[in-house]
1. Can you tell which of Thr125, Thr147 is of a type in the set (Ser, Thr, Tyr) and either over 25 Å from Arg198 (Cβ atoms) or within 21 Å of the chain's Cα centre (by Cα) (or both)?
2. Does Asp249 satisfy being under 17 Å from the mean Cα position of the chain (by Cα) and under 16 Å from Leu144 (Cβ atoms)?
3. Go through the residues of the stretch 113-125 one by one and say whether even a single one is touching a Gly at 6+ places or on another chain (Cβ under 6 Å) and of a type outside the set (A, V, I, L, M).
4. Kindly indicate the residue of the stretch 198-233 that is among the charged types (D, E, K, R) and in a helix (DSSP H, G or I) and also nearest to Asp251 (Cα to Cα) among those meeting that condition.
5. Of these, Thr209, Thr195, which one is within 30 Å of Asp100 (Cβ to Cβ), in contact with a strand residue (DSSP E or B) (Cβ under 7 Å, 6 or more places away or on another chain) and in contact (Cβ under 8 Å) with a residue 24 or more places away in the chain?
6. So which of Thr209, Thr195 is farther than 27 Å from Glu29 by Cα, out of contact with any Ser or Thr (no Cβ under 7 Å at 6 or more places or on another chain) and surrounded by 13 or more Cβ atoms within 10 Å (Cβ to Cβ)?
7. Which condition does Leu193 not pass, out of (1) within 18 Å of the chain's Cα centre (by Cα); (2) under 30 Å from Gly35 (Cβ atoms); (3) of a type in the set (A, V, I, L, M); (4) modelled with pLDDT of 95 or more, if it passes all the others?
8. Condition first: part of a helix (DSSP H, G or I), within 21 Å of Leu206 (Cα to Cα), under 17 Å from the mean Cα position of the chain (by Cα) and without any contact (Cβ under 8 Å) to a residue 40 or more places away in the chain. Can you find one or more residues in the stretch 29-52 that meet it?
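The values are calculated or read from the model by the stated rules, or taken from the named source; none is laboratory data. Predicted model only: the values in this text are computed from it and were never measured. Glycine gets a Cβ as well: all are built from the backbone with ideal geometry, and neighbour counts include every protein chain shown.
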Amino acid sequence: MTERARSFGSVAAAYERFRLGYPDDLVDEVLAYAGRPVRAALEIGAGTGKATRAFAARGIAVTATDPDAEMLAELRRHVPTSVTVLQAAFEDLPLDPAFDLVFAAASFHWTDIDGRWPRVAALLTAQGVFASFGGQLHLADAALADTVRTVRSPYLGDDEVPTPDGSVVDTGPGSGSDSPMQWPGSELSDSGLFTDVRQSVIERRLALTSAEYVAHLGTISAYLMLPQRTRHEVLDRILEVLPDVVELDSDLTLHLARRRS
């Protein structure tokens, strides 16, 4: 997993251009759950700062961390000067000071399981909030998705990112608060260090040109792990079978938890 986790820097500019940002609804839900002012927040695996910007825009002092220097160089081009930037993996972060909010946007699955939750708890103030959210783009047309899988299969069996417990996060219909608790909510509940663990889904649907969608695929770790020539070939094959515009489901699964006092 480490090699995949460190694969994004080579495409940092494309990542910034073709990865989606995060909606106000998500930030609203996190802050409403906190139930008190959030003055300082830590982001784990900030990438190019898509989520950093969303929270910093609310007047929160965000410390954005990432182990990849190229991703952080791109982040610095887009975030306000109020954001503190720190190059470090989650496992190497100093545990002082503590934050009102620790959040991870499509990144927490890259962290090491050993000591994961005690470290998160140590980074939070008493009753501080942890938030993890993310979700891949999926073609809304099931028949088209099957066609793309068939074209992709000689090169790549699956382009999903498995979670540390071996499951794949389901962000489809019916995967919200009434569905079984998914990772990382399941681990949060079992850790004994957090309370009021919640799971919800923020629904999003959008249309992209086929070229934009394929460019997005080119920023996903499963494709980045392929040899460059193979990657270009499979992406070209996918582009050939797509219509000019594709409809996409881009739901976000959000997990929230509060540190026990």
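1. Thr147
2. Here the answer is yes, as Asp249 does meet what is asked.
3. no
4. Per the stated criteria, the residue is Glu212.
5. One residue alone meets the criteria, Thr195.
6. Among Thr209, Thr195, only Thr209 is farther than 27 Å from Glu29 by Cα, out of contact with any Ser or Thr (no Cβ under 7 Å at 6 or more places or on another chain) and surrounded by 13 or more Cβ atoms within 10 Å (Cβ to Cβ).
7. (1)
8. For the stretch 29-52, residues part of a helix (DSSP H, G or I), within 21 Å of Leu206 (Cα to Cα), under 17 Å from the mean Cα position of the chain (by Cα) and without any contact (Cβ under 8 Å) to a residue 40 or more places away in the chain: absent.
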